[in-house]
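Structure record follows, encoded as structure tokens.
Bear in mind these aren't lab numbers, they're just calculated from the coordinates by the rules spelled out. Not measured: the values here are computed from a predicted model. Cβ placement follows ideal geometry from the backbone for every residue including glycine, while neighbour counts extend to all protein chains displayed.
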Protein chains: 2
Amino acid sequence: MSKTIRRAWLPFLNVDVPRDCDTPEKVAAFELKAGCAALKLPVPALKLDPALGEGYAISGGAITGGDTGVLYGAYAWLMAAAAGERAPESLQKPYWPLRMINCWDNADGSIERGYAGRSLWFEGGDFCYDEGRLRQLGRMLASVGLNVLCVNNVNVKAEAELLIEDYLPKLAKLADLFRPFGVRLMTSIDFSRPLAHGVGTADPLDPGVQRWWRERADAIWRAVPDFAGFLVKADSEHRPGPFTYGRTHAEGANMLARAVAPHGGVLVWRAFVYNCMQDWRDAATDRPKAAFDTYAPLDGQFDDNVILQVKYGPYDFQVREPISPTLYAMKRTRLAMELQLAQEYTGQQIDLFAMNPMWREFTEDLPPEALCAVAAVSNLGRDDNFTGHPFAAANLYGFGRYAWDPFASPEAVLRGWARLSYHLPAAQESTLTDMLMNSRAVYEKYTASLGLCWMVRPETHYGPSPSGYEFDVWGTYHRASRDAVGIDRTASGNGYVLQYPEDMRARYDTPEACPDNLKLFFHRLRYDYVMADGRTLIQRLYDDHFEGCAGAEAMGEALKTLDLPEPDKSEAAERMERQIKNAREWRDVVNTFFHRLSGADDARGRKIYE
Amino acid sequence: MSKTIRRAWLPFLNVDVPRDCDTPEKVAAFELKAGCAALKLPVPALKLDPALGEGYAISGGAITGGDTGVLYGAYAWLMAAAAGERAPESLQKPYWPLRMINCWDNADGSIERGYAGRSLWFEGGDFCYDEGRLRQLGRMLASVGLNVLCVNNVNVKAEAELLIEDYLPKLAKLADLFRPFGVRLMTSIDFSRPLAHGVGTADPLDPGVQRWWRERADAIWRAVPDFAGFLVKADSEHRPGPFTYGRTHAEGANMLARAVAPHGGVLVWRAFVYNCMQDWRDAATDRPKAAFDTYAPLDGQFDDNVILQVKYGPYDFQVREPISPTLYAMKRTRLAMELQLAQEYTGQQIDLFAMNPMWREFTEDLPPEALCAVAAVSNLGRDDNFTGHPFAAANLYGFGRYAWDPFASPEAVLRGWARLSYHLPAAQESTLTDMLMNSRAVYEKYTASLGLCWMVRPETHYGPSPSGYEFDVWGTYHRASRDAVGIDRTASGNGYVLQYPEDMRARYDTPEACPDNLKLFFHRLRYDYVMADGRTLIQRLYDDHFEGCAGAEAMGEALKTLDLPEPDKSEAAERMERQIKNAREWRDVVNTFFHRLSGADDARGRKIYE
């Protein structure tokens, strides 16, 4: 049991849900009663209307909802009440039916790219958890309407392959725990697993392989009748996959999809294939082109219960990328967009980086109806506050809100989180909301502005290393020289831009039309290139890094003005110190890096080290 | 027991020394008998003359030697016979009385910077070894006259601190095993250890601390009467030391020296102190100056049984450094030079790098009488051939030969190793000898020529990363810009050169006088600087990297012509493939790095990638 009970944005729910609340309706009733007691409000009526499914309506002092809708309605009512607002009266339904958290938890208890402590449910190669904490997590997920939890890392490491084998009874027990919160489980699987069971091949067209997976699926759904499905990372970063057998990813995915289809399961297939052993000398290969090249030709070949899960950008969760062109190329394929709450490249839950403003931008370029689902890599762990930085909870909260309404105002979402979490005086609430709203812009400026990706330290992905990836195998290069920087991805360059629909091509294909924040993603530009505002590229790089660092320092001052409760106040302050140190390092390293290359002095005479 | 018995340069000693040979004289007699049987020669007479100590004389078919001298004489006679040569008839004595191997073995069985497998005597936090293999090692060490083995890493990690405490009986057993080979044991100690025993401080001036170490020394020498002494890494890379208590390193070393003095022990103190948390922005601090600044003021303050062990260069085992100025500054201090057989920065026992030519150069600049001892970090491990690359054994062999005669011809030493190891036809023996003789020049050219250090990958120290250290904390920068590269360490620069005696200052202080191979160590030069041979600096950098890589490829061809026995032939070939791949990577990465910076084209139009 954790020493300090931390309740994230639900401090008013100060009594834990008891284990005998074994349906969403019972949880809803319990929460309403307990929450209203804490808030000193009368308890509203709760009505079940199975036809509403996940939807709910609040009117006349009553909450009506479907099987899980009643639970979502109860939380919506309570959170509105706690915030001193009125819950909306119209029928509320989630935008996407599948709203998934992908946990990169390993069975040994570590979490790949985890920044909030060890796994909440694994340790020593097996399940190991505090039921109370998991019910707290179930409440958090349900309160923002998230409904699928993939419990293990997409890189299936020992003994996570046992989740769907020897550990099935334990998986069923975990599913029982989360079921009352409307959360269904999913697991990442190892495509080559039949080999470990004497099948002799993992070829998706082999009848023995197909039978093995069908029998496996039958066993899983017998143990967990509402199991959600499988998540697969295949032929990616040394993972096994259908390429070994000369099969396409459609053939690989469909084989698994057919095993889970009879049970209503989905097969989520990650579209994250690229050459992770690229020769840096090879300028013809360009990693951002890889997913489109692999998947676009397969459009129309995937079964209906396959969901192709595509990262938002063509690289890998960078601070700024254009939307992945694969998301426009698969009109006849069910698509999920993959987000990442874990701040792998975005500050590692030390630096502030609230994501809703970024996600909201995606809906400008990609109508959300192009997607059937949304997934996010978890930022959760065993830390008392679940997310390392207490403010990182805003991304989990915000993800649920986004998954219900991708058009929601990020400002309203983040203000809502701030209000529920801290009930600060109005001016302080605005200060905190502004900090969150600006956090990405600040981080982007002091790290890699203008669409310049991958300037982090290899392996740790934290802190500056402007050349760290230049001669490595990851296909992630800016090729900065004494004259110019960036990759020419235009039609006359390597042609990446041609993967986009025509209107987007036009927007990206010339340096003049291309938005500043993606200039160096699409173009190779000389340092003396003059931007629309009259500044040179090099001056803009310097200015951004000075401004970004100043922005971090200003956030540090703003943070001091907030009357946060402990331990959040100390935790946020301690992380802010590290963020400011990080921002200064970025400012100086990147400015020096480009100064050594370009020889250009800062027009404003600020300090750039030799 | 290892599957294949590998006997390095002693293939004719094909019977293991039995455990009942418990004195050097008995080992000598056994080896002579067994060796002569294998070589089909009459057994020479063996005479003990204790007055000769480690010395021996061979004349009239008899070997006369002191307690260990008889053993050294026996091996010298056998090796000469096996090589078809005559052993020298004059009295032979080692140049330095202490000829030490420093093992960086951890109690958990790992070896820091080890490239030949796991520890030969540690596993799982305790001693664990194959006695037969250790006697093979004892024979190897004795055959080249090495006489001290420090068994644990200078970074004393758990449970190595127990070597001089709970594990003392086991240490004594190991000492018994090596004693017949004339090898005495030493251990690295943790300066702060009294704290773990309730002393409350580790202040060297505290009487309780002094008493603790005295009592410890008494216990050690009771268990191991010929124990050699302690090796200490203090106040270095986060190790504890006297600075914690405001004491000098003389005060710290002398305290320990006085504990071991009554037993005839030595206290070896590593002069490896620098700021390993340097801010890269701080151009005033320069790591190569650190050891001199710390130790030169202490000259004359160390007790007689303290040996200050100084790395050969002021940095850390780079492919080319000027001799450490600290070695000239300590006329009233007993000094040891520290070499490194483990090829940490010199190819990691994948790439060939025979060291005798480099060591021989040291004697040109530093008369060996300035030293009282020599130490080398071990390149040994549990691999069947003891050294990973079978040719890396040449460095262990060569170190013994160097320690006996620092003026010996490197060519003769390496040819001797080749002949003993392989008995190749004359032309092939010359090919192999030439490969070894040229190996450093080749490696230097394709990695970091002209005194340009630290262009390896941080952490692994293998493979190119020209900017890997530029913004890091290690004090290791070349600060390459679009115009120039290198650090100005002249009198008008940061003054490092002033740490040298006057004649060396003159040699290094101007770019014209400075030898090419140290040009960029002492000077910051523009790429268009014209070298003595008329080439520009940038052209010389390109040429070196092309030539170095071609040199590695040529070695690969040469290797194919050698009729080596298996498994040496396969092992060497497999490593040579990796070396050539490494050399190509270095060539292309470094050339591209400097081409991007300088914009200069190769005068000969060879391929430099963008």
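Can you give the average number of partner chain beta-carbon atoms within 10 Å of each beta-carbon in peptide A:277-283, as a whole number?
Values: counts 0, 0, 3, 5, 8, 1, 2.
Going residue by residue through A:277-283 and averaging, the value is 3.
Assuming charge only on the beta carbon of Lys and Arg (+1) and of Asp and Glu (-1), the dipole of chain B about its Cα centre is about 520 debye to the nearest 20. A label point on residue B:457, set 7 Å along the Cα-to-Cβ line, lies at 1.6 nm from each of its counterparts in the other copies, closest listed first.
Within the range B:439-515, none of the trypsin sites (Lys or Arg not before Pro) combine a DSSP coil assignment with at most 15 other C-beta atoms in a 10 angstrom radius. The charge dipole of the protein assembly as shown, taken about its Cα centre with unit charges on the Cβ of Lys, Arg, Asp and Glu (plus for the first two, minus for the last two), comes to roughly 500 debye. Selection among A:109, A:167, A:148 by position relative to the dipole of the range A:105-177 gives A:148 as farthest towards the positive end (Cβ unit charges, Cα centre).
Sum -39500 (n - 2.57) across every DSSP H segment of at least 4 residues in chain B, then divide by the residue count to get the 222 nm mean residue ellipticity, nearest 500.
-11000 deg cm²/dmol
On average over all directions, what projected area in square nanometres does the range B:109-265 have, based on the convex hull of its Cα atoms? With every direction weighted equally, the projected area is 9.3 nm². 3J(HN,Hα) couplings calculated from phi for the range B:420-433 with the Karplus curve 6.51 cos²θ - 1.76 cosθ + 1.60 (θ = phi - 60°) are, in sequence order, 4, 6, 10, 6, 7, x, 3, 5, 5, 4, 5, 4, 5, 4 Hz; Gly and Pro show x. Looking at the range A:329-438, the chymotrypsin sites (Phe, Trp or Tyr not before Pro) that sit in a DSSP loop and have at most 15 other Cβ atoms within 10 Å of their own Cβ are A:407. Under 5 Å between amide hydrogens, built in the peptide plane, is the criterion, and for residue A:188 it picks out A:151, A:152, A:231 among residues at least 5 positions away or on other chains. Compactness of the range A:98-422 is given as radius of gyration and Dmax, 18.9, 57 Å, from Cα positions. The trypsin sites (Lys or Arg not before Pro) of the range A:1-42 meeting both criteria, a DSSP state outside H, G, I, E and B (loop) and at most 11 other C-beta atoms within 10 angstrom of the site's C-beta, are A:3, A:40. In the assembly of identical copies, residue B:304 has its label point, taken 7 Å from Cα in the direction of the beta carbon, separated from the corresponding points by 9.6 nm (ascending, one decimal).
Between residue A:85 and residue A:166, 0.36 nm times their residue separation minus their Cα-Cα distance comes to what? Could you put the intermediate results ahead of the total?
Values: separation 81, 0.36 × 81 = 29.16 nm, distance 4.86 nm.
Once the chain is fully extended between residue A:85 and residue A:166, it gains 24.3 nm.
Among the residues of B:454-464, the average count of other protein chain beta-carbon atoms within 10 Å of the residue beta-carbon is 1. A cut-off of 5 Å between modelled amide H atoms, ignoring neighbours fewer than 5 places along the same chain, links residue A:455 with no other residue.
Count the lysine pairs in the range B:1-93 whose Cα atoms lie under 26 Å apart, taking only pairs 8 or more positions apart in sequence or on different chains.
Lysine pairs, 8 or more places apart or on different chains, close enough: 7.
Its residues counted as N, the range A:1-90 yields a C-alpha radius of gyration over 2.2 N^0.38 Å of 1.07. A protection proxy built from the mean count of other Cβ atoms within 10 Å ranks the segments B:182-195, A:278-291, most packed first, as B:182-195, A:278-291.
Over the range A:49-124, what is the mean sequence separation of C-alpha contacts under 8 Å (at least six apart), divided by residue count, expressed as relative contact order in percent? It would help to have the intermediate numbers written out before the result.
Numbers: 110 pairs, mean separation 15.9, N = 76.
Across the range A:49-124, relative contact order equals 21 percent.
Determine, from the Cβ-Cβ distance of residue A:434 and residue A:483 and an R0 of 30 Å, the FRET efficiency 1/(1 + (r/R0)^6), rounded to the nearest 0.05. Working shown, then result.
Numbers: r = 39 Å, r/R0 = 1.31.
With a Förster radius of 30 Å, E is 0.15.
In this structure, the amide hydrogen of residue A:101, modeled 1.01 Å from its nitrogen in the peptide plane, lies closer than 5 angstrom to those of A:148, A:149, A:150, A:376, counting only residues at least 5 positions away or on a different chain. Shown here is the pair-distance distribution of the protein assembly as shown: with all Cα-Cα distances grouped in 10 Å bins from zero up to the longest one, the shares run 2, 9, 15, 18, 18, 16, 12, 7, 3, 1, 0, 0 percent.
The 3J(HN,Hα) values that the Karplus relation (6.51, -1.76, 1.60; θ = phi - 60°) gives for the range B:285-297 are, in residue order, 7, 9, 3, x, 7, 5, 5, 4, 4, 7, 9, 3, x Hz. Gly and Pro appear as x.
Take the alpha carbon gyration tensor of the range A:356-400, find the square roots of its eigenvalues, order them as a ≥ b ≥ c, and report rounded if a/c is under 1.5; if not, report prolate when a/b exceeds b/c, else oblate. Intermediate values should be presented prior to the final figure.
On the way: a/c = 4.30, a/b = 2.27, b/c = 1.89.
Prolate, because a/c is 1.5 or more and a/b exceeds b/c.
In whole percent, what relative contact order does the range B:346-454 give with Cα contacts below 8 Å and a gap of six or more residues? Answer for the range B:346-454 is 36 percent. For the range A:98-422, the tally of Lys pairs with Cα-Cα distances below 19 Å comes to 7, considering only residues 8 or more apart or on different chains.
Taking the inverse of the mean reciprocal distance over all distinct Cα pairs, the Kirkwood hydrodynamic radius of the range A:110-150 comes to 11.5 Å.
Within a straight-line Cα-Cα reach of under 19 Å, residue B:581 can be paired with the following lysines, leaving aside sequence neighbours fewer than 8 residues apart in one chain: B:445, B:560, B:569, B:607.
For chain A, what does the relative contact order come out to in percent, with C-alpha contacts under 8 Å and a separation of six or more? RCO, chain A: 12 percent. What does DSSP give for the range B:98-422 in terms of the percent of beta bridges that are antiparallel, rounded to the nearest 5? Taking every DSSP beta bridge with both residues in the range B:98-422, the antiparallel ones total about 10 percent.
For the range A:172-187, putting each phi into the Karplus relation 6.51 cos²θ - 1.76 cosθ + 1.60 with θ = phi - 60° gives couplings of 4, 5, 5, 4, 4, 5, 8, 4, x, 9, x, 9, 9, 8, 9, 10 Hz, in residue order, rounded to whole numbers and with x for Gly and Pro.
Ranking B:352, B:205, B:285 by Cα position along the charge dipole of the range B:98-422, where only Lys, Arg, Asp and Glu carry charges on their C-beta atoms, puts B:352 farthest toward the positive end. The Cα atoms of the range A:370-495 cover 52, 34, 31 Å along the three principal axes, with the biggest extent listed first.
When Rg and the Kirkwood radius Rh are both evaluated on Cα atoms of chain B, their ratio Rg/Rh stands at 0.97.
Counting Lys and Arg as +1 and Asp and Glu as -1, each charge on the Cβ, what is the dipole of the range A:182-249 about the Cα centre in debye, to the nearest 20? Let's see the in-between values first.
Details: 9 positive and 8 negative charges, 25 e Å.
I would put it at about 120 debye.
Across identical copies of the chain, residue A:577 has label-point separations of 5.3 nm, listed in ascending order, with the point defined 7 angstrom from Cα along Cα→Cβ.
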